[in-house]
Amino acid sequence: MKNTIVNMFLLFIAGIIVISCYDDQGNYTYHDVEDPKVSGLEGQTFAGYVGDSLIVKPHIEHSLMGTDQLTFDWQIANHVDLRAENYSGPVLRMLFNLKPDKYGAKLTISNHSNGMKYFYDFTIEGRTEFSSGTVVLSNDEGVARLSFIKGGTDLRANLFEALHGENLPKDPKQIIIVDHAWLKAYHVLTGEENKPGVIIDASTMLRVRNLEDNFFDLPAGVRGESLRTVSNGVSTGVFSGKLYCGQWQTCPCSPIFGFYGDAAVGEYDLASQFNFYGSHYLAFDKNERRFVQFDINMNYMASDYQVIPMTEGDVFDPKDLKMDLLALMNINPETSYAFGKSDDGGIYEYKFQDVPGVFFVKGFREFPGASLLREDSQWQSSLFEIIYFTSDDKVYRYNPTNQEVRPLDADFGGKKVTMIKLVSEDLLVAGVEGSLHYLDVSTGQNGNVYKVIDNIPGYPVDVVVRKN
């Protein structure tokens, strides 16, 4: 009896369901949701070259395109700097300024008519166009400018300003490249008080830090004067007359590698030019007007060295020179030169060899090109003991072996030569207002111009040619 009641109840419920389905005349109207049709984006990798425009323009189809009901948001996950880069619009357009690396990115399309959102993932690979080319430091009405020459002719002027939205410090002096296992960087030196320059990643041209932030303890009123690279992958230089060297006794991966500690202790005021021989330093003390030595660990040895004459001709006393230094250069391990203006008004040439604790005097005579020198003459020397210097709108070649002084063939159109840089034994780069001139100084050539790069902002001060 119990089972019969249960079965009758189930039949009753089934009947109700059948009648309900029969009464439903299909009054529900279904509309397909229109999804965006996107091609050329998802799963793809796009190359972004630092300093260039990155444009990602996928093909998008939707009936609401061009209306405010369909919006587009781009996001790049910048894991290097721990932030998101956000842009909007149907096309991603940006001046690419991220460091070389791979970045996950996403396009979000929002349909505001129905609240739907669509996500498309892709990758951006940051690359650099600065692995080879020429970096030009120039003076544009007192302000330092940085330009890059790619492929030998393609000039990108004012690159630092374009990437950072600000100027470099004033009074540009020098640019060098410092290379170690963890970073290859340009050190841009300037003479502005308390703003001695900037360190820039050579692969990206993006700032690593300001040079004033490269001191553990920034000296008051510091001014940059000159820099050199040392074999340990750091820079060493003269700031406000004192000698500093980057910390190399720690791992190159350390955040303090290359930072400047205290200046070498001692009573001295150095000229900007100095020689670094790998084993020690030689510099010129402007107050005492003498050559002084520092050992590899920056210990000030003053003039506590033995002087040995190596010639039967005229000699000089490196401990009492009675001259103001004009130029100092190291030709090779056995030969260095200095040029100075003596108290008698004459300009003299000093030839010597310098090793730790010993100074070998090799020659002293009046410089045969003295009448051509100017207060702002620039100097360069080759391994073949050939010396170049500027005089107004000309560049001269001096051979100390036969004392020949002759002008190079280059014609600068009457413009003053503001810079010379021997980038190889066969190539001398000269700068004049607005231009760089490439001079052939190979064997048998006398500095004829074979290439000119125009539109340099201001006048060139220094260049670095990077091949890799």
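The values are calculated or read from the model by the stated rules, or taken from the named source; none is laboratory data. It should be emphasised that the depicted structure is a prediction, and the values quoted were computed from it without experimental measurement. Here the Cβ positions follow ideal geometry from the backbone for every residue, glycine too, while neighbour counts run over all protein chains shown.
Which residue out of 321, 325 is outside any loop (DSSP other than H, G, I, E, B), in contact (Cβ under 8 Å) with a residue 24 or more places away in the chain and under 24 Å from residue 239 (Cα atoms)?
325
Residue by residue through segment 420-440, note down the ones that are closer than 14 Å to residue 397 by Cα and touching a Lys or Arg at 6+ places or on another chain (Cβ under 6 Å).
429
Listed here are the residues, each with its yes/no results for (1) free of Cβ contacts under 8 Å to residues at least 12 places away in the same chain; (2) surrounded by fewer than 20 Cβ atoms within 10 Å (Cβ to Cβ); (3) small (Gly, Ala, Ser).
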{"position": "97", "(1), (2), (3)": "no, yes, no"}
{"position": "100", "(1), (2), (3)": "no, yes, no"}
{"position": "108", "(1), (2), (3)": "no, yes, no"}
{"position": "113", "(1), (2), (3)": "no, yes, yes"}
{"position": "116", "(1), (2), (3)": "no, yes, no"}
{"position": "123", "(1), (2), (3)": "no, yes, no"}
{"position": "129", "(1), (2), (3)": "no, yes, no"}
{"position": "136", "(1), (2), (3)": "no, no, no"}
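In segment 221-243, what residues are in contact with a Ser or Thr (Cβ under 9 Å, 6 or more places away or on another chain) and among the aliphatic types (A, V, I, L, M)?
Result: 222, 227, 230, 238, 243.
Suppose we filter 377, 342, 336 for residues that are more than 25 Å from residue 268 (Cα to Cα) and at pLDDT 95 or above; which single one remains?
Step by step, each of 377, 342, 336 is checked, and only 377 is more than 25 Å from residue 268 (Cα to Cα) and at pLDDT 95 or above.
Any residue in segment 346-364 that's β-branched (Val, Ile, Thr): show its pairings with residues that are surrounded by 19 or more Cβ atoms within 10 Å (Cβ to Cβ) and part of a strand (DSSP E or B) at Cβ separation under 6 Å, as long as the two are six or more apart or on different chains.
If the second residue must be surrounded by 19 or more Cβ atoms within 10 Å (Cβ to Cβ) and part of a strand (DSSP E or B), the pairs left are 361/352.
Only one residue in 461, 417, 395, 449 is in contact (Cβ under 8 Å) with a residue 12 or more places away in the chain, surrounded by fewer than 22 Cβ atoms within 10 Å (Cβ to Cβ) and not aromatic (Phe, Trp, Tyr). Which one?
449
Given the conditions (1) in contact (Cβ under 8 Å) with a residue 60 or more places away in the chain; (2) closer than 27 Å to residue 358 by Cβ, report the number of the one that residue 253 does not fulfil.
Among (1) in contact (Cβ under 8 Å) with a residue 60 or more places away in the chain; (2) closer than 27 Å to residue 358 by Cβ, residue 253 violates only (2).
Looking only at segment 364-381, which residues are surrounded by fewer than 18 Cβ atoms within 10 Å (Cβ to Cβ) and over 13 Å from residue 347 (Cβ atoms)?
Of everything in segment 364-381, just one residue is surrounded by fewer than 18 Cβ atoms within 10 Å (Cβ to Cβ) and over 13 Å from residue 347 (Cβ atoms), namely 376.
Would you please name the residue that is surrounded by the fewest Cβ atoms within 10 Å (Cβ to Cβ), looking only at residues in segment 63-78 that are assigned to a loop (DSSP other than H, G, I, E, B) and on the phi < 0 side of the Ramachandran plot?
68
Give segment 38-52 a look and list any residue that's in contact (Cβ under 8 Å) with a residue 60 or more places away in the chain and in a loop (DSSP other than H, G, I, E, B), or say none.
41, 42, 43, 44, 50, 51, 52
Any residue in segment 341-352 that is assigned to a loop (DSSP other than H, G, I, E, B) and under 37 Å from the mean Cα position of the chain (by Cα)?
No, because not a single residue in segment 341-352 is assigned to a loop (DSSP other than H, G, I, E, B) and under 37 Å from the mean Cα position of the chain (by Cα).
Evaluate segment 392-401: report whether one residue or more is in contact with a helix residue (DSSP H, G or I) (Cβ under 7 Å, 6 or more places away or on another chain), at negative phi and either of a type outside the set (Phe, Trp, Tyr) or in a loop (DSSP other than H, G, I, E, B) (or both).
no
Which residue pairs have Cβ atoms under 8 Å apart, sit 6 or more places apart or on different chains, and have a first residue in segment 259-280 that is at negative phi and a second that is of a type in the set (Phe, Trp, Tyr) and surrounded by fewer than 16 Cβ atoms within 10 Å (Cβ to Cβ)?
Correct list of pairs: 259/216; 260/216; 261/216; 262/216.
Quick one: in segment 285-315, which of the residues that are buried (at least 18 other Cβ atoms within 10 Å of the Cβ) and of a type in the set (Ser, Thr, Tyr) is nearest to residue 358 (Cα to Cα)?
305
Can you tell me which residue in segment 79-124 is nearest to residue 160 (Cα to Cα), limited to those that are among the charged types (D, E, K, R) and not in a strand (DSSP E or B)?
Only one residue fits best here, namely 99.
Residue 168: outside any strand (DSSP E or B), under 13 Å from the mean Cα position of the chain (by Cα) and within 16 Å of residue 97 (Cβ to Cβ), yes or no?
No; evaluated as a whole, the condition is false for this residue.
Within segment 213-250, can you find the residues that are more than 24 Å from residue 462 (Cβ to Cβ) and touching a residue at least 40 places away in the same chain (Cβ under 8 Å)?
Listed by number, the residues that qualify are 216, 217.
Based on this model, can you work out whether residue 157 counts as surrounded by 17 or more Cβ atoms within 10 Å (Cβ to Cβ), over 22 Å from residue 49 (Cβ atoms) and touching a Ser or Thr at 6+ places or on another chain (Cβ under 6 Å)?
It is false that residue 157 is surrounded by 17 or more Cβ atoms within 10 Å (Cβ to Cβ), over 22 Å from residue 49 (Cβ atoms) and touching a Ser or Thr at 6+ places or on another chain (Cβ under 6 Å).
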